[in-house]
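The values are calculated or read from the model by the stated rules, or taken from the named source; none is laboratory data. It should be emphasised that the depicted structure is a prediction, and the values quoted were computed from it without experimental measurement. The area values use the complete protein model at the heavy-atom level, side chains included, leaving out ligands, DNA and RNA. Shrake-Rupley method; radii C 1.70, N 1.55, O 1.52, S 1.80 Å.
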Amino acid sequence: MRRRSKIDKKILDGFLTRETSFLMAEEVKALVGTMRISVEQLVEQLLPWAAEKAIVPASRFKVGAVSRGSSGNLYLGANIEFKDMPVYTTIHAEQASIANAVSHGETGIKALSVTAPPCGMCRQFLSELNTSAEMKIQVGNTEAVLLPQLLPRGFGPDNLDVRFKLMDEVSKGFSFKNPTDDELANKALEAANKSHSPYTLSHAGIAVKTRNGQTFIGHYLENAAYNPSMLPLQAGLSNLVMAGRNFAEISDVVLVHGQDASVNHVEAAQSLLRSISSVPLRVYKAE
Ligand code: THU
Ligand code: ZN
């Protein structure tokens, strides 16, 4: 058994890089085949890899999460704390993992594993997902439970008579009044079109570029209970960190928000961006 786990570690070490933020279904299949383990066991072994990505200047407490999409892909997440910023800017590992899945076009989450018990906010955040009723939650290697067992009698989209859930595929049809060939703005527009804001109708998306030419998108992921919502820049920065990049590498950031939104995305994005970079926030309105 010890020998086996050493081999497993070697295989994973050889396959994963610092840049690995998700595994495609085919890669998952190949890995479990080579390692002769179950997907659940693979997920368990990925958790420390996910947790390593955490940025925790305040708590020094690294949390790792891995979600399993309907596609069979696996998405890594870790917590991110922003130095000298209010605690509410903190991104939880579970949120990071979901933002990662959304940015890769995932349309549902079957299960989520995490190294520490999900806090109340995360349980609430996850209850927004279109698969919340049947989604399994696993803490470390303990027995998995269904999300509703962790959040009985919860407050969700139904309480506000909203039918659309997080990860449902509904394009919002936003476009620019004057089309632009600004590539980053168009990516942020695409993200805004896939953002989830059925309550305040304040759709928004972000695109973040790094010096090496990579682009990361982030979607506004709203929650029925408002506060646990994930802001577009939080999602974009989280995706960037999961992919092994760091804030110092950011070279350009564009926020796209719909006009007449009741939520102001600009101020929050500016203040969060200022805390980690001197790059200015470029803002576009869409209609
Ligand atoms: N944390 C998570 O990432 N997920 C949870 O649900 C529990 C708490 C993080 C937030 C903060 O960065 C650190 O753990 C201490 O609370
Ligand atoms: Zn949490």
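Tabulated results
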{"item": "Residue order for Tyr75, Tyr88 - accessible surface, 1.4 angstrom probe, largest first", "result": "Tyr88, Tyr75"}
{"item": "Sequence of Ser59, Ser262, Ser21 when ordered by accessible area, the most exposed leading, probe 1.4 angstrom", "result": "Ser262, Ser59, Ser21"}
{"item": "Nearest-10 value in Å² for the accessible area of Lys285, using the 1.4 Å probe", "result": "130 Å²"}
{"item": "Probe 1.4 Å, accessible area per residue of region 170-287, Å²", "result": "42 Å²"}
{"item": "Accessible area per residue, Å², region 3-91 with all protein chains present, probe 1.4 Å", "result": "54 Å²"}
{"item": "Computed over the chain: relative contact order in percent, which uses C-alpha pairs under 8 Å that are six or more apart", "result": "15 percent"}
{"item": "Using distinct alpha-carbon pairs, which all enter the 1/r mean, Kirkwood radius of region 118-233 in Å", "result": "15.7 Å"}
{"item": "Zero-based 5 Å bins, Cα pair distances in the chain, whole percents", "result": "1, 6, 13, 17, 19, 17, 13, 8, 4, 2, 1, 0, 0"}
{"item": "Shape metrics for region 15-65, restricted to C-alpha atoms - Rg then Dmax, Å", "result": "12.6, 40"}
{"item": "Rounded, prolate or oblate (a/c below 1.5 giving rounded, otherwise prolate when a/b exceeds b/c) for region 17-157 by Cα gyration tensor", "result": "oblate"}
{"item": "Accessible surface of the chain, 1.4 Å probe, proportion on carbon and sulfur as whole %", "result": "52 percent"}
